[in-house]
Amino acid sequence: MSSNDNLISDMFRTALQLEEPWKLTHIEFDDQDQAWHLFVDFERGTTFACPLCGTSCKAHDTEKKHWRHLDFWDWKTFMHARLPRVKCNVCNKVTQVSVKWSRPLSHFTFVT
């Protein structure tokens, strides 16, 4: 990775304010669409708080999701991540984990 690539990666990490366990794993720029594609992921075995009761749970499964972010400079920006669901032994339910960048008024628009 070049020093320019490191600089761009560091800039996006800072701007996105990702918190553990989320990590920016890959960045692509699409010249044809003039768009950034940011890939966010977590490590296998990571635990998440149950959205209902707060109990620490491992990911039950994941679904790939995509969001449109506010533009960076004049370029469209999209985020891509595996969003986990947890199976809580306390609630006895499988629930989608919420993420900071996808909450109401977060300036992200859910794409698909």
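The values are calculated or read from the model by the stated rules, or taken from the named source; none is laboratory data. Just so it is clear, the model here is predicted, and its values are computed rather than measured. Methodologically, a virtual Cβ is constructed for each residue, glycine included, from the backbone with ideal geometry; neighbour enumeration extends over all protein chains shown. The protein model used for the area step is the full one, side chains on, heavy atoms only, and it has no ligands, DNA or RNA in it. Shrake-Rupley method; radii C 1.70, N 1.55, O 1.52, S 1.80 Å.
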Taking into account only those residues within the range 29-40 that are without any contact (Cβ under 8 Å) to a residue 40 or more places away in the chain and in a loop (DSSP other than H, G, I, E, B), which is most open to solvent (accessible area, probe 1.4 Å)? Q32
Among the listed residues E43, E63, E19, identify the single one that is open to solvent by 90 Å² or more (accessible area, probe 1.4 Å), touching a residue at least 12 places away in the same chain (Cβ under 8 Å) and in a strand (DSSP E or B). E63
Consider K100 carefully, then state whether it is among the basic types (K, R), within 13 Å of L16 (Cα to Cα) and surrounded by 12 or more Cβ atoms within 10 Å (Cβ to Cβ). yes
Which of the residues that make up the range 66-90 are closer than 30 Å to C53 by Cβ and in a strand (DSSP E or B)? H66, W67, M79, H80, A81, R82, L83, P84, R85, V86, K87, C88
Mind listing whichever residues of the range 46-60 are surrounded by 17 or more Cβ atoms within 10 Å (Cβ to Cβ) and in a strand (DSSP E or B)? F48, C57, A59
Working carefully through the options C50, C91, find the one that is touching a Ser or Thr at 6+ places or on another chain (Cβ under 7 Å) and modelled with pLDDT of 90 or more. C50
For the range 66-89, name all the residues that are aliphatic (A, V, I, L, M) and open to solvent by less than 70 Å² (accessible area, probe 1.4 Å). M79, A81, L83, V86
